[in-house]
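Accompanying notes for the structure given below.
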C-alpha cells in the first residue's frame, strides 16, 4: 500500500525548516553584509559557471576521460560549480571581516545586512529542498510501482516508502498546495516519473506508448531507428549495463543530432504516457488517479481494430 501523508510529519518538516531559517539568519548576522552578499553571489556564480562548463567542456571531458559521454556535462558542471562556490567563499573569508570585527553603528549595520542575506540564502536552500523532497518521493513511487509490476513485496522498499510519505506529508493541505506553486519544476515532471515506471513494467502499455502518433513520427528519424535496431544496445538493456548504453555510438549520434533534439521538444511526454496508460485500471482510481493531467491535449483516439473510440482517462 502507498503510504499517505501525515500532518505530524508535515508539522515536523515545517519546524525543521523554521529552525534552519533562524540558523541562517544568525549565521548571516555573524558573517556580515559583505560576506553574506558574497555567499549568495557564490551560489549564482556556481550556477552560471557550472552551466557554462557543462555546455563547453562536457565533450572535451568525455573524450579525454572515462566518464560516460552523456554524464560528462553533468560531472563537469557539478565540479565547476563546487570549485567556484568554494573559491569565492575562501576569498570572502580572507578579504572581508565578520560582524564581530566591527563596533558601534557599523557593527549593527553589518549584522542587519548579513541577517537579511541569511534569510534570502535560507529561502533559496529551502526552495531547492522542496524540489529535492518531491523528486525523491517521485522516485520512491517509481520503485514501489516497479516492485508491484514485478510481483515483489513492498516490504523490501522501506526507503522508497519513507520518501513517498515524506513527499505526501509535505504536499498536504493548503500549505502543501502553496509549496507546489513555488516549486520551480511543474507537477507533471514528478507525475511523469511514476507514469514512466508504470509503462516500463507493462508490455501492453509500452506497446501503446510507441504507438502514440507523435512517437511514431519521432521513431521514423534514421538516428532514432538505428538506436532501436542496434543488437548491442538490446543486449546492454537486457543486462542493465547503463555505461555501455551511454557510450554507444548510435546513442551519441542521436543525442547530438539537432533533428532528434527538435523531435524530443515537439513530443508531449505527458500525452504519450496518458495514451499508453488510458486503459490501465491503476490510473483510473485510487492513489494514482491524480496523475492524469486534466489539461492533457490527448484527444479521443480510435483503435485500429475497433470502430468505436476508446474511453479516455477521467
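No lab work stands behind these numbers, since they all come straight from the coordinates. The structure presented is a predicted model; accordingly, all values stated were derived computationally and were not measured. Methodologically, a virtual Cβ is constructed for each residue, glycine included, from the backbone with ideal geometry; neighbour enumeration extends over all protein chains shown.
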Cα-projected label distance for residue 235 with residue 86, points at 7 Å along beta-carbon direction, nm: 4.1
Sorted by Cβ neighbour density within 10 Å, fewest at the top, the residues 223, 235: 235, 223
Residues 141, 217, 157, sorted so that the one with the fewest Cβ neighbours within 10 Å comes first: 217, 157, 141
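Apply the a/c threshold of 1.5 to the C-alpha gyration tensor of segment 7-189 and tell me whether it is rounded, prolate or oblate. Spell out each step's value before the answer.
Values: a/c = 2.97, a/b = 1.32, b/c = 2.25.
The shape class here is oblate.
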At 0.890 mPa s and 25 °C, Stokes D of segment 75-152 from Kirkwood alpha-carbon radius, µm² per second: 148
Over segment 7-189, relative contact order from alpha-carbon pairs under 8 Å, at least 6 apart, %: 30
Projected label distance in nm at residue 207 and residue 51, using a 7 Å step from Cα toward the beta-carbon: 4.4
Extension gain from residue 15 to residue 127, taking 0.36 nm per residue of separation minus the Cα-Cα distance: 38.8 nm
